Amino acid sequence: MIEPHVSAPPGSPPSWGSPARLPVRPGAGRFLVLAGAFVCAACGLVYELELVALASYLIGDSVTQASVVLSVMVFAMGIGSLAAKRLRCFAAAGFAAVEAALALVGGSSAMALYAVFAWTGDWGGLWANGPRVLLVTFSLVIGLLIGTEVPLLMELIQRIRRQDAGGAVADLFAADYVGALVGGLAFPFLLLPWLGQLTGALLTGTVNALVGGALVLGLFRRDLTRRACWLLVVANVTVIGVLAAAAVLVDDFERAARHAMYGDDVRVALRTGVQEVVLTGGSDGRPLNLFLDGRLRVGGHDERRYHEALVHPAMDGPHARVLVLGGGDGLAVREVLRHPGVRRVDVVELDAGVVRLARRDPALAALNAHAFDDARVHVTTADAFRLLRGARAAYDVVVSDLPDPGITASTKLYSQEFYGLARQVLTDGGRLVVHGGPVSARPRAFWTVETTMRAAGLRTVPYRVAGPDRTGPGAVRAPQDWGFVLATAEGPTPRLRVDGPTAPRLRTLTQAGLAADARAAARMRVVGAAGVRASTLVHPRY
């Protein structure tokens with residue numbers, strides 16, 4: 001029942017708790033408010049997912065980034081809800097102002113984070129303080145603004161038509177949760193693949209500003225002073241203009257950011273369904289570099305040192321059938337094919353876009369010696385874990401050329417369960433070699449890989465290869481060393497050997513150098529009271 005009240009003069013704000021003066025019937029007004037709550041909730045969840053996704057792309061540890069973003073946002077939402085109590089007397093104007101601010105902050109957050117990382121990010125794998133602080137700041141501000149929405153919307157609904165608090169809360173939360181569902185599904189299936197991170201966030205902010213401004217100025221304008229109406233119009237037009245201008249300039253911005261990250265020699269920049277792929281150099285004598293999600297995966301100066309160390313120690317012995325896990329760039333396959341007696345090479349790569357690039361890009365295809373054109377090479381696009389679960393073939397050699405175990409998406413591929421599956425596809429005396437990440441920079445992660453392989457019943461030999469001692473532009477991008485683990489399931493512990501009678505001549509690796517680097521790796525073993533423990537699917541240790 002609508003409570004009696006004293007009418008306010010036209011153009012003056014209503015007293016607290018008085019019914020709103022709507023241009024439509026109360027039922028229609030209530031529906032419009034719930035529809036606005038639906039859209040605003042969808043936009044709010046898109047902002048959250050966008051921060052998590054972008055931080056995961058740039059940092060790599062998606063569990064940590066999701067925990068930081070979501071926990072900070074939930075905390076800030078509680079603070080925002082308390083702060084909204086002071087705005088209840090100006091619920092309509094307060095809601096419009098909050099939505100304009102949320103649209104500007106949330107819509108521009110992806111571009112701001114990407115810009116700060118591009119110009120200040122640490123390519124060694126850890127963020128500089130600036131981007132890390134900015135991520136938390138955006139999470140805090142967006143959470144504060146989202147937290148003020150529900151109390152203000154509740155006040156607006158109650159001003160339209162008084163009802164019991166439980167019913168009003170149920171209706172509002174239903175619209176809010178359904179909107180969150182739509183936003184959560186729209187982000188990965190529509191916004192991200194069709195528009196990308198930056199444009200998707202800018203479009204979301206524009207929709208947020210339009211809906212918030214239209215709801216208040218269209219439905220509650222009689223409750224606002226003329227000055228308040230004009231201020232809200234100017235604020236929303238300004239926000240939409242800023243976001244629209246950013247959307248127009250987003251391509252130029254991305255090119256400038258890529259140049260800041262990769263230099264002025266970017267030849268190919270594309271986003272596959274899995275990751276961002278960037279190629280630099282590869283022409284006019286310049287070294288070719290391959291970046292996956294901003295991380296250097298192939299360095300033209302260093303790749304032969306890495307791939308020779310990865311492949312050739314494992315090829316000492318029978319090697320008629322070889323399985324390469326990852327290696328979509330074709331460089332590990334190139335080294336495998338250098339050995340006589342190889343009859344079949346199966347490559348399991350999650351990203352078909354990388355394989356296509358390795359086939360078609362002239363510089364990358366030349367670097368991998370057109371390995372994928374060899375009739376003995378067979379490529380399967382699949383998740384390596386899932387494929388090994390159903391594998392029936394047996395292999396003399398399994399080469400695990402996968403990303404660093406510190407990247408959350410790769411953690412299951414460095415688990416005890418994964419190595420147990422890899423062991424099952426090895427022939428008697430077959431060898432498994434694993435890239436375990438840098439030994440000097442991340443010793444605990446590397447020795448966790450080795451411990452995990454031993455826990456799966458493998459006999460292991462850890463070794464490392466020092467990175468080249470280079471100075472000058474781009475030198476900081478190369479790791480100080482690369483760590484590997486050679487293992488076998490049966491027989492004695494495998495021997496590190498690259499100078500067998502049928503072994504090809506290597507450019508960067510010698511038997512003496514390999515033995516010395518293996519001794520250096522042994523001296524870096526992590527020791528202590530706790531040591532390191534095996535990583536499993538339910539207890540990841542990286």
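Across the stretch 215-230, what is the number of residues that are buried (at least 16 other Cβ atoms within 10 Å of the Cβ), hydrophobic (A, V, I, L, M, F, W, C) and part of a helix (DSSP H, G or I)?
Number of matching residues: 6.
Can you tell me which residue among 290, 331 is in contact (Cβ under 8 Å) with a residue 12 or more places away in the chain, over 24 Å from the mean Cα position of the chain (by Cα) and under 24 Å from residue 261 (Cβ atoms)? Lay out the reasoning, then the answer.
Details: 290 fails: over 24 Å from the mean Cα position of the chain (by Cα).
Result of the check over 290, 331: 331.
Test each condition in (1) touching a strand residue (DSSP E or B) at 6+ places or on another chain (Cβ under 8 Å); (2) open to solvent by 30 Å² or more (accessible area, probe 1.4 Å); (3) more than 16 Å from residue 315 (Cβ to Cβ) for residue 515 and report the one that comes out false.
(1)
Which ones in the stretch 76-86 are touching a Leu at 6+ places or on another chain (Cβ under 8 Å) and open to solvent by 10 Å² or more (accessible area, probe 1.4 Å)?
77, 79, 83
Restricting to the stretch 257-283, and then to whatever is under 17 Å from the mean Cα position of the chain (by Cα) and loosely packed, with under 15 Cβ neighbours inside 10 Å, can you tell me which residue is farthest from residue 403 (Cα to Cα)?
Filtering first and then ranking leaves 270.
Taking the condition of being outside any loop (DSSP other than H, G, I, E, B), more than 16 Å from residue 459 (Cα to Cα) and of a type outside the set (S, T, N, Q), how many residues in the stretch 390-413 meet it?
5
Answer yes or no: is there a residue in the stretch 307-321 that is part of a strand (DSSP E or B), modelled with pLDDT under 95 and open to solvent by 30 Å² or more (accessible area, probe 1.4 Å). Lay out the reasoning, then the answer.
The initial filter retains those residues of the stretch 307-321 that are part of a strand (DSSP E or B), namely 321.
In the following step, the residues that additionally are modelled with pLDDT under 95 were identified as none.
Checked the stretch 307-321: no residue is part of a strand (DSSP E or B), modelled with pLDDT under 95 and open to solvent by 30 Å² or more (accessible area, probe 1.4 Å).
Answer yes if at least one residue in the stretch 485-493 is open to solvent by less than 90 Å² (accessible area, probe 1.4 Å), in a loop (DSSP other than H, G, I, E, B), within 23 Å of residue 437 (Cβ to Cβ) and at pLDDT below 90, and no otherwise.
The answer is yes; a qualifying residue exists.
Right, residue 115: in contact with a Leu (Cβ under 9 Å, 6 or more places away or on another chain) and open to solvent by less than 30 Å² (accessible area, probe 1.4 Å) or not?
Judged against the criteria, residue 115 is not a match.
Would you call residue 57 at pLDDT 95 or above, surrounded by 18 or more Cβ atoms within 10 Å (Cβ to Cβ), aromatic (Phe, Trp, Tyr) and in a helix (DSSP H, G or I)?
no
Would you point out the residue of the stretch 395-412, among those that are touching an Asp or Glu at 6+ places or on another chain (Cβ under 8 Å) and either among the β-branched types (Val, Ile, Thr) or buried (at least 22 other Cβ atoms within 10 Å of the Cβ) (or both), that is farthest from residue 65 (Cα to Cα)? So that I can check it myself, show each step before the final result.
Initial filter on the stretch 395-412 (touching an Asp or Glu at 6+ places or on another chain (Cβ under 8 Å)): 395, 406-408, 410.
Still in the running and either among the β-branched types (Val, Ile, Thr) or buried (at least 22 other Cβ atoms within 10 Å of the Cβ) (or both): 395, 407-408.
Working: 395: 38, 407: 12, 408: 10 Å.
That would be 395.
Go through (1) under 29 Å from residue 502 (Cβ atoms); (2) part of a helix (DSSP H, G or I); (3) more than 25 Å from the chain's Cα centre (by Cα) and name the single condition residue 363 misses.
Evaluating residue 363 over (1) under 29 Å from residue 502 (Cβ atoms); (2) part of a helix (DSSP H, G or I); (3) more than 25 Å from the chain's Cα centre (by Cα) leaves (1) as the failure.
The values are calculated or read from the model by the stated rules, or taken from the named source; none is laboratory data. Keep in mind it's a predicted model, so treat the numbers as computed, not measured. Counting neighbours? That spans all protein chains shown, and the Cβs are built from the backbone with ideal geometry, glycine included. Accessible surface is based on the protein model in full, side chains and every heavy atom, while ligands, DNA and RNA are left aside. Shrake-Rupley method; radii C 1.70, N 1.55, O 1.52, S 1.80 Å.
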